[in-house]
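In what follows, a single structure is set out as structure tokens and then discussed.
What follows is calculated from the coordinates using simple rules that are stated; it is not laboratory data. Every value quoted in this text rests on a predicted model; they were computed, and no experiment measured them. Note that we place each Cβ from the backbone using ideal geometry, even for glycine, and neighbour counts take in every protein chain shown.
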Amino acid sequence: MTEAPRFTPGPLERDAPFYIAGHRGLAGSALWRALAKAGFTNLVGRASDELDLKDRDATFAFFRETKPRYVVLAAAKVGGIMANNSYPADFLSENLQIQVNVLDAAQQAGVERLLFLGSSCIYPKMAAQPIKEEYLLTGHLEPTNDAYAIAKIAGILQVQAVRRQHHLAWISAMPTNLYGPGDNFSAQGSHVLPALIRRYAEAVADGSETVTNWGTGSPRREFLHVDDMAEACLYLMEHYDGPEQVNVGTGTDVSIAELAGLVADAVGFTGTTKWDTTKPDGTPQKLLDVSKLTDSGWSYRIPLEKGITGTVEWYRLQESVRQ
Ligand SMILES: NC(=O)c1ccc[n+]([C@@H]2O[C@H](COP(=O)([O-])OP(=O)(O)OC[C@H]3O[C@@H](n4cnc5c(N)ncnc54)[C@H](OP(=O)(O)O)[C@@H]3O)[C@@H](O)[C@H]2O)c1
């Protein structure tokens with residue numbers, strides 16, 4: 001019989017070296033804030049131009065030098081549908097390289113607790129809703145981001161394999177759509193919520209009376225504030241152990257039309273929203289079943305309205321600095 005990894009639930013040591021891979025990204029920067037707030041005093045981060053995690057030798061040297069005891073892997077090549085669909089080879093190859101290098105180096109360094117971040121795109125396109133963890137590998141993936149999803153699934157499998165072979169108490173978490181400070185608001189490549197914020201804020205700035213969005217507005221999606229995600233990750237590292245990935249979300253969804261209404265209110269847009277129904281809608285609903293997380297004792301705290309207001313403030317601050 002295989003020996004189970006040794007894990008005792010409880011606080012991680014606040015002065016132990018804790019490496020956040022991808023600490024400047026949306027998820028990684030929120031993790032950094034949450035860990036600093038929780039009292040961690042030895043946080044380690046490297047920008048990609050200081051340490052390219054695709055460089056295997058450099059990654060191993062970094063782990064030998066810094067000897068992290070804890071790691072969150074939030075470094076990845078990330079993008080919207082357009083980018084994923086246009087550059088699948090890059091998304092597959094770069095994410096596999098980053099993951100394999102970090103996970104191999106962490107295993108060699110004997111990292112005690114590691115959390116691998118994936119995303120809800122790992123689940124089958126036609127999965128029943130809400131999506132339970134056990135639906136992984138039960139059907140075909142959404143073709144527009146299957147390359148990215150396969151890389152993430154390989155990461156979950158590697159974490160499980162390290163647990164079995166090397167008995168390290170590593171875990172994986174799969175967040176739903178994230179939003180918040182640090183998000184990507186660029187015209188190309190941004191996700192739906194930052195894209196709406198940008199569009200409505202620009203309409204207000206330009207004095208436009210109408211905003212037109214893609215599709216019918218009826219698809220339903222789930223959104224989690226990135227600060228909640230970061231707290232959930234720390235909670236899991238201190239309380240959860242097991243080979244199965246854990247869904248991280250709110251367990252509730254909104255229609256894109258409702259979301260657009262919240263964004264319009266938050267930016268102060270009083271004009272009319274139109275829907276270009278010649279454009280595709282995508283999957284009707286994507287909602288995670290988060291009962292495993294909530295049963296373990298953690299629930300989200302930031303309501304969507306409040307989170308959107310804060311994100312709009314952050315976006316406007318960035319824009320004013322840029323001008
Ligand atoms: N955004 C979402 O809605 C969402 C939802 C669910 C799950 N996730 C997961 O969360 C993770 C992070 O996503 P994110 O949204 O935070 O992405 P992000 O904002 O684009 O950040 C990605 C980070 O990865 C780093 N990185 C990329 N390539 C690298 C390389 N070759 N070497 C070193 N660092 C590299 C970047 O570093 P530099 O900034 O230094 O270049 C950046 O800080 C991903 O695994 C993603 O699947 C995200």
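Can you give me the number of residues within the range 40-60 that are without any contact (Cβ under 8 Å) to a residue 40 or more places away in the chain and either within 22 Å of the chain's Cα centre (by Cα) or closer than 29 Å to Pro243 by Cβ (or both)? Outline the logic, then answer.
Within the range 40-60, the subset without any contact (Cβ under 8 Å) to a residue 40 or more places away in the chain is 40-52, 57-58.
Now restrict to residues that are either within 22 Å of the chain's Cα centre (by Cα) or closer than 29 Å to Pro243 by Cβ (or both): 40, 42-49, 51-52.
Here the count works out to 11.
Only one residue in Val71, Val100 is within 18 Å of Arg163 (Cα to Cα), in contact with a helix residue (DSSP H, G or I) (Cβ under 6 Å, 6 or more places away or on another chain) and surrounded by 15 or more Cβ atoms within 10 Å (Cβ to Cβ). Which one? Explain how you work it out, then say what you get.
Values: Val100 fails: in contact with a helix residue (DSSP H, G or I) (Cβ under 6 Å, 6 or more places away or on another chain).
Matching residue, one of Val71, Val100: Val71.
Which condition from (1) within 15 Å of the ligand (Cβ to nearest atom); (2) over 19 Å from Ala27 (Cβ atoms); (3) in contact with a Pro (Cβ under 7 Å, 6 or more places away or on another chain) is the one that Ser119 breaks?
Among (1) within 15 Å of the ligand (Cβ to nearest atom); (2) over 19 Å from Ala27 (Cβ atoms); (3) in contact with a Pro (Cβ under 7 Å, 6 or more places away or on another chain), the lone unmet condition for Ser119 is (2).
Consider the range 281-293. How many of its residues are surrounded by 15 or more Cβ atoms within 10 Å (Cβ to Cβ) and in a helix (DSSP H, G or I)?
2
Could you check, for the range 15-24, whether at least one of its residues is assigned to a loop (DSSP other than H, G, I, E, B), farther than 22 Å from Val100 by Cα and in contact with a His (Cβ under 7 Å, 6 or more places away or on another chain)? Lay out the reasoning, then the answer.
Initially, the range 15-24 is screened for residues assigned to a loop (DSSP other than H, G, I, E, B), giving 15-17, 22-24.
Adding the requirement that they be farther than 22 Å from Val100 by Cα leaves 15-16.
If we keep only those that are in contact with a His (Cβ under 7 Å, 6 or more places away or on another chain) too, we end up with none.
Looking for residues that are assigned to a loop (DSSP other than H, G, I, E, B), farther than 22 Å from Val100 by Cα and in contact with a His (Cβ under 7 Å, 6 or more places away or on another chain), one finds none in the range 15-24, hence no.
Could you say which residue among Thr216, Thr278, Thr212, Thr270 is exposed (fewer than 14 other Cβ atoms within 10 Å of the Cβ) and touching a strand residue (DSSP E or B) at 6+ places or on another chain (Cβ under 7 Å)? Walk me through how you get there before you give the answer.
Working: Thr216 fails: exposed (fewer than 14 other Cβ atoms within 10 Å of the Cβ); Thr278 fails: touching a strand residue (DSSP E or B) at 6+ places or on another chain (Cβ under 7 Å); Thr270 fails: touching a strand residue (DSSP E or B) at 6+ places or on another chain (Cβ under 7 Å).
From the options Thr216, Thr278, Thr212, Thr270, the qualifying one is Thr212.
For the range 157-171, check the following and say yes or no: at least one residue is crowded, with 22+ Cβ neighbours inside 10 Å, farther than 25 Å from Trp275 by Cα, within 14 Å of the ligand (Cβ to nearest atom) and not aliphatic (A, V, I, L, M).
no
Working only within the range 172-197, note down all residues that are in a helix (DSSP H, G or I) and more than 13 Å from the ligand (Cβ to nearest atom). Let's see the steps before the verdict.
We begin by selecting, within the range 172-197, every residue in a helix (DSSP H, G or I); these are 192-197.
Those that are in a helix (DSSP H, G or I) and more than 13 Å from the ligand (Cβ to nearest atom): Leu196, Ile197.
Anything in the range 72-94 that is near the ligand (Cβ under 9 Å from one of its atoms) and closer than 12 Å to Ala21 by Cβ? List them, or say none. If you could, list the steps in order and put the result at the bottom.
Filtering the range 72-94 for residues near the ligand (Cβ under 9 Å from one of its atoms) gives 73-79, 94.
Selection gives Leu73, Ala74, Ala75, Ala76.
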